[in-house]
Amino acid sequence: MSMPSKYAKIVELAKRRGFFWPSFEIYGGVSGYYDFGPLGSKLKRNIENLWREYFVERHSDFIVEIETPVIMPKPVFEASGHLKHFTDYMVQCCNCGRIYRADHLIEQQAGITGLEGKSPEELSNIIRNSGVKCPECDGVLGPVKKFNLLMKTNIGPYKGSIGYGRPEAAQGMFVNFKRVYEQMGGKLPLGIAQIGRVMRNEISPRQGLIRVREFTIMELELFYDPKNPSCHLLSNVEDRILNIIVADDVAKSIWRPQRFTVGEALSRGVVKTEWNAYFMAVAVEFLEALGVPDEKQVFIDKPPAELAHYSAQTFDQLVRLEDFGWVEVSGHAYRTDYDLSAHIKKSGADLRAFRKFETPLVVERLKVRLNMSVAGRVLREKAKAVAKELSKMNPELVFKRIKETGWVEVLGEKITQDMIIIEKVSEKIHGERFVPHVAEPSFGAERLFYVTLEYAYREVNGRIVLSLPKRITPIKAAVFPLVVRDGLPEKAREVYKLLKNAGLDVIYDDSAFIGRLYARADEIGVPVAITIDYDTLKDDTVTLRDRDTWMQVRVNIRDLPTLIHDYIMGRKAFDELGILFRKPA
Ligand code: GAP
């Protein structure tokens with residue numbers, strides 16, 4: 001009998017203890033949808049809050065968070081390019097009719113990678129020449145076709161009011177750029193972040209939480225002036241290490257990560273923008289905080305053919321997983337001015353920022369106005385309207401036309417040279433408008449959720465211990481009475497209330513023997529278990545047991561809230577919390 005994979009074990013634990021499970025189970029399920037249970041919702045929220053801390057709150061002087069709708073009207077995606085470009089390739093079995101994602105099938109069966117830039121014809125040829133078949137019935141596969149991943153709907157009852165589920169939160173930041181820019185004092189750099197649901201009509205999602213049709217994205221658009229592209233925080237991360245597979249190696253399918261400091265990656269031109277490099281360093285630290293060591297993380301510089309339509313450079317951050325291999329958990333794209341320019345063009349709105357000159361520029365320009373003493377006699381009551389219209393016209397063009405023909409037409413009137421005064425005036429210009437550039441780090445919460453579980457999952461003496469990072473674990477402490485009599489449960493409930501009132505996520509359990517209670521707490525990742533025993537009734541002390549070492553210390557009840565808080569936040573080691581009571585076996 002083969003051993004269940006780590007993925008299978010995690011799925012079993014997740015269902016049993018309430019982390020996650022397939023959605024709509026009572027109706028047979030729909031692939032690509034997952035529900036989060038009581039513990040899963042808390043864990044996911046804690047991961048999102050940790051992201052918020054690393055990417056938003058630490059930079060709250062210039063990065064802010066917004067919330068925008070999930071369904072967006074068609075023009076947004078016409079402008080953004082998603083209607084045209086947000087596609088994958090599908091292929092259908094001619095025998096059983098099952099549909100697959102063409103590139104995934106080729107990768108799985110023929111081991112050919114780097115297919116993202118290929119055309120449908122090229123993929124069809126590879127399928128034919130490599131003998132790729134339907135994995136279910138071995139049938140022959142039909143031609144490869146494009147499939148748009150946007151989820152379509154109708155907004156309201158009127159036909160033609162088409163909307164799409166957003167596939168990324170980013171467009172909410174782009175369409176709101178000007179408003180937030182003004183609210184934040186018209187300054188750059190400006191970061192606009194969003195954590196929210198997105199939808200992608202994935203062709204054949206089959207990897208659990210790794211590829212789903214609806215997920216939470218955690219995304220940040222950092223807007224900056226391309227003439228002043230430096231990141232003022234770079235010195236904080238310059239010496240941090242990034243494991244990068246460079247573009248040249250990716251193009252040759254050489255999967256060899258090289259270690260660069262952030263400073264080296266920039267000076268050698270590996271990473272094009274300082275802001276992307278900065279957030280890549282933050283991303284490594286964030287993943288470490290989720291329990292993924294640096295050596296299990298790598299960035300891949302995506303080759304040009306594989307870049308999203310909006311990107312001039314993208315690094316995918318990958319994490320090593322036991323059953324799925326290297327899995328992308330975040331993308332770091334240099335989106336240039338692509339999106340803002342596209343929305344300016346489509347909507348006509350001015351989404352530019354303002355760059356102030358250090359010293360105002362004095363420029364000479366032409367000004368044209370109607371010579372009333374001459375024109376008034378000819379135009380009479382229409383003179384005022386013509387004067388107004390003339391003032392709105394481009395003086396350079398009026399001047400050119402007068403020079404060429406001796407007259408210009410305004411509101412249907414022939415205005416001759418003697419009816420116009422053309423003069424040169426000097427003007428002070430204080431700055432200029434420009435379209436900001438954008439660096440974007442973007443994370444999928446579901447993938448990080450699974451990654452976090454996998455890195456936390458351990459088996460000790462045949463028992464599951466979920467060594468989740470303490471800060472994000474759903475339950476921070478569990479309170480147990482040693483026995484269910486002699487006033488111990490009552491005392492334990494007092495302790496439970498004390499911790500709850502101190503704002504800690506805490507549980508009380510007395511439904512089994514103490515050993516069983518410890519085991520149950522370990523498998524949902526509770527960092528400390530508190531046992532109330534007979535000594536507690538005498539001296540108000542309790543036993544604190546550590547999830548990861550099973551070490552035990554004795555502490556006073558009144559110190560519990562502070563001690564647990566310090567331990568969770570990593571300010572104290574476990575053996576610093578109290579008097580050592582029992583070492584692990
Ligand atoms: N705005 C940029 C953007 O959306 P992306 O690489 O397409 O970039 C960002 O998506 C992240 O979202 C990925 O790095 C991955 O973690 C996650 N993601 C993408 N598709 C997903 C899916 N079908 N299921 C779960 N997570 C997904």
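Laboratory data are not the source of any read-out in this text; all were calculated from the coordinates shown. Only a predicted model underlies this, so the values are computations on that prediction, with no experimental measurement involved. Cβ sites come from the backbone with ideal geometry, for glycine too, and all protein chains shown count toward neighbours.
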Original post:
Calculated FRET efficiency, residue 539 and residue 241, Cβ-Cβ r, R0 35 Å, to nearest 0.05?
Top reply: 0.10
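Share of Cα-Cα pairs in the stretch 514-559 beyond 12 Å, in percent?
Values: 617 of 1035 pairs.
So the pairs more than 12 Å apart make up 60 percent of the total in the stretch 514-559.
Expressed in nm², what is the orientationally averaged projection area of the convex hull enclosing the Cα positions of the stretch 183-267? Could you put the intermediate results ahead of the total?
Details: hull surface 37.4 nm².
Here the figure is 9.4 nm², rounded to one decimal.
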Original post:
Which order do 522, 505 fall in if you start with the one that has the fewest other Cβ atoms within 10 Å?
Top reply: 505, 522
Original post:
Considering the chain, which cysteines have no disulfide-compatible partner, defined as another cysteine with its Cβ under 4.7 Å away?
Top reply: 94, 231
Original post:
Could the peptides 138-145, 56-63 be put in order, highest first, of the mean number of other beta-carbon atoms found within 10 Å of their residues?
Top reply: 138-145, 56-63
Subject >> Dmax and Rg, reported as Rg then Dmax, of the stretch 334-479 (C-alpha, Å) >> reply: 32.8, 105
Original post:
Among 351, 370, 55, which residue has its Cα positioned farthest towards the positive end of the charge dipole of the chain, with +1 placed on the Cβ of Lys and Arg, -1 on the Cβ of Asp and Glu, and the dipole taken about the Cα centre?
Top reply: 370
Original post:
Can you give me the relative contact order of the stretch 483-543 as a percent, contacts being Cα pairs under 8 Å and 6 or more apart?
Top reply: 34 percent
**OP:** About the Cα centre of the stretch 385-542, how large is the charge dipole given +1 on each Lys and Arg Cβ and -1 on each Asp and Glu Cβ? Please answer in debye to the nearest 20.
**Re:** 220 debye
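Can you give me the Kirkwood hydrodynamic radius for the chain, using every pair of distinct Cα atoms, in Å to one decimal? Mind dumping the intermediate values first?
Values: mean 1/r = 0.0351 Å⁻¹.
Result for the chain, one decimal place: 28.5 Å.
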**OP:** Enumerate the helices in the chain for which the Kyte-Doolittle hydropathy averages 1.0 or more and the C-alpha atoms extend at least 30 Å along the helix's axis, using complete DSSP H runs.
**Re:** none
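Take each of the peptides 282-291, 33-42, 373-382, average the number of other beta-carbon atoms within 10 Å over its residues, and list them starting from the highest. Present the calculation step by step, with values, prior to reporting the outcome.
On the way: 282-291: 19.5, 33-42: 17.3, 373-382: 14.0.
In descending order of packing, they fall as 282-291, 33-42, 373-382.
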Original post:
When we measure straight from the Cα of residue 187, which aspartates and glutamates land under 20 angstrom away, once same-chain ones fewer than 8 places off are left out?
Top reply: 57, 61, 65, 221, 225, 274, 337, 339, 350, 358, 432, 440
**OP:** Could you list, in their original order, any pairs among 15/470; 252/345; 84/345; 15/497; 74/272 whose Cα atoms are separated by more than 27 Å?
**Re:** 252/345; 15/497; 74/272
Original post:
Tell me which lysines have Cα within less than 16 Å of residue 414's Cα, excluding those fewer than 8 residues away on the same chain?
Top reply: 382, 384, 388, 400, 403
Original post:
DSSP beta bridges in the chain, what fraction antiparallel, as a percent rounded to 5?
Top reply: 90 percent
**OP:** May I have the pair-distance distribution P(r) for the stretch 508-585, computed from all Cα-Cα distances with 5 Å bins from 0 and rounded to whole percent?
**Re:** 3, 16, 27, 27, 20, 7, 1
Subject >> Average Cα contact separation per residue, the chain, under 8 Å, 6 or more apart, as relative contact order % >> reply: 12 percent
Original post:
Hey, got the Cα dimensions of the stretch 159-212 along the principal axes, in Å, largest first?
Top reply: 46, 35, 12
Subject >> the chain: calculated mean residue ellipticity at 222 nm from DSSP helix runs of at least 4, using -39500 (n - 2.57) >> reply: -9000 deg cm²/dmol
Original post:
Over the stretch 369-431, what relative contact order in percent results from Cα pairs under 8 Å that are six or more residues apart?
Top reply: 40 percent
**OP:** On a C-alpha basis, how far is the centre of the stretch 512-550 from the centre of the stretch 206-255 in Å? Whole number, if you could?
**Re:** 42 Å
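Report the Rg/Rh value for the stretch 1-43, based on alpha-carbon coordinates and the Kirkwood definition of Rh. Intermediate results must be reported in sequence, preceding the final value.
Working: Rg = 11.5 Å, Rh = 11.1 Å.
Result: Rg/Rh = 1.04.
Could you compute the FRET efficiency for residue 107 and residue 6, with r as their C-beta to C-beta distance and R0 at 25 Å, rounded to 0.05?
Working: r = 21 Å, r/R0 = 0.85.
Computed FRET efficiency for residue 107 and residue 6 comes out at 0.70.
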